[in-house]
Amino acid sequence: MFLKLDIKIIYQDNDVIAVNKPAGTVVHKAESLPAGRQVHKGEEQNFLTDWLVEKFPEIKRVGDKPELRPGIVHRLDKDTSGVLVVAKNQKAFEYLKSLFQNKKIIKKYLALVEGNLKKDKGIIDLPIGRSKSDFRKKLASEEARGELREAITEYKVLEKFPDYTLVEAYPKTGRTHQIRVHFKAVGHPVACDSLYGGRKSKCPEGLNRHFLHANFLELNLPSGARIKLEADLPPDLENALAILRQNK
């Protein structure tokens, strides 16, 4: 039995399911743990894929490695909430995989970043590689090791606060931790991001995880219909913004 998860289904048909993934939920099992990585107690129970297979048994054999990530075409970090699309059959999986690879899906995220961005809109075009010192981290700097992969993030400022800026980010590529890495690289890490903000990471009052939410996806379904999928900000992020607005 999977750990009981509060998952909201945004959309479903014969080919796809779209859910609003809550923060704190791991999308799928890892193929192997990096050196030094330990599984924490209870973590193995908290996979979105367990919930999906229980609800939609047909996806159990869907994907490139269904034993690890049945139906999963893309992912969100554990503490990132928002829209996630899952394939219900192999044909839909291949179709969605092609859309993501060919950048034919519009993705939008809401992020609260530290400090004040000088420009109201911009493009962060910095290739991303691996960190030399921390297996969990990616880097967009000369210190990165391994293959440097193209990564582009556009953004638009939505609201400014004394110590933070609320932005809408549009990743044009799909690198691991891309938005978090890019804003760290330009000196404005995502608020409350302990991994990329480090010990000096700043957290708005009442927030216990990084402020990053996948609020929008737009794509053509396998049926040919075009759909817009949206996920409202969860209460913890809404509350953090409400407090910041009160203290402006």
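The values are calculated or read from the model by the stated rules, or taken from the named source; none is laboratory data. For clarity, every value in this text was computed on a predicted model and none was experimentally measured. Every residue, glycine among them, receives a Cβ derived from its backbone with ideal geometry; neighbour counts consider all protein chains shown. Heads up: the accessible areas ignore ligands, DNA and RNA and are worked out on the full protein's heavy atoms, side chains in. Shrake-Rupley method; radii C 1.70, N 1.55, O 1.52, S 1.80 Å.
Taking the longest Cα principal axis of the chain as reference, the axis of helix 235-246 is set at about 20 degrees. Scanning residues 5 or more positions from residue 159 or on other chains, those with amide H under 5 Å from its amide H are 166, with H placed 1.01 Å from N in the peptide plane. Annotation: amide H-H contacts under 5 Å for residue 115 (H modelled 1.01 Å from N, sequence separation of 5 or more, or interchain): 164, 165. Loop-located GluC sites (Glu not before Pro) in region 46-112 (DSSP state not H, G, I, E or B) with no more than 11 neighbouring Cβ atoms inside 10 Å: 67.
A cut-off under 14 angstrom between Cβ atoms defines the neighbours of residue 225, and their net charge, with Lys, Arg +1 and Asp, Glu -1, is -1. The Cα trace of the chain gives Rg and Dmax of 18.0, 51 Å, the first to one decimal, the second as a whole number. Solvent-accessible area of residue 173, all protein chains in place: 10 Å² (probe radius 1.4 Å, heavy atoms, ligands and nucleic acids excluded). For region 103-210, the fraction of 1.4 Å probe accessible surface lying on carbon and sulfur atoms is 45 percent.
Relative to the longest principal axis of the Cα atoms of the chain, helix 90-101 runs at roughly 20 degrees. For the chain, the solvent-accessible area of protein heavy atoms averages 54 Å² per residue (probe radius 1.4 Å; ligands and nucleic acids excluded). Computed on protein heavy atoms with a 1.4 Å probe, the accessible areas place 49, 176 in the order 176, 49, largest first.
The residues neighbouring residue 19, those whose beta-carbon lies less than 10 Å from its own, together hold a net charge of +3 under the Lys/Arg +1, Asp/Glu -1 convention. Across region 148-248, the convex hull enclosing all Cα atoms gives 128 Å³ per residue. Accessible surface ranking for 105, 9, 1.4 angstrom probe, highest first: 9, 105.
Could you list, in their original order, any pairs among 104/202; 228/248; 103/138; 91/156; 108/137 whose Cα atoms are separated by more than 26 Å? Pairs exceeding 26 Å: 104/202; 228/248; 91/156.
Counting only the Cα atoms, region 88-211 fills a convex hull of 137 Å³ per residue.
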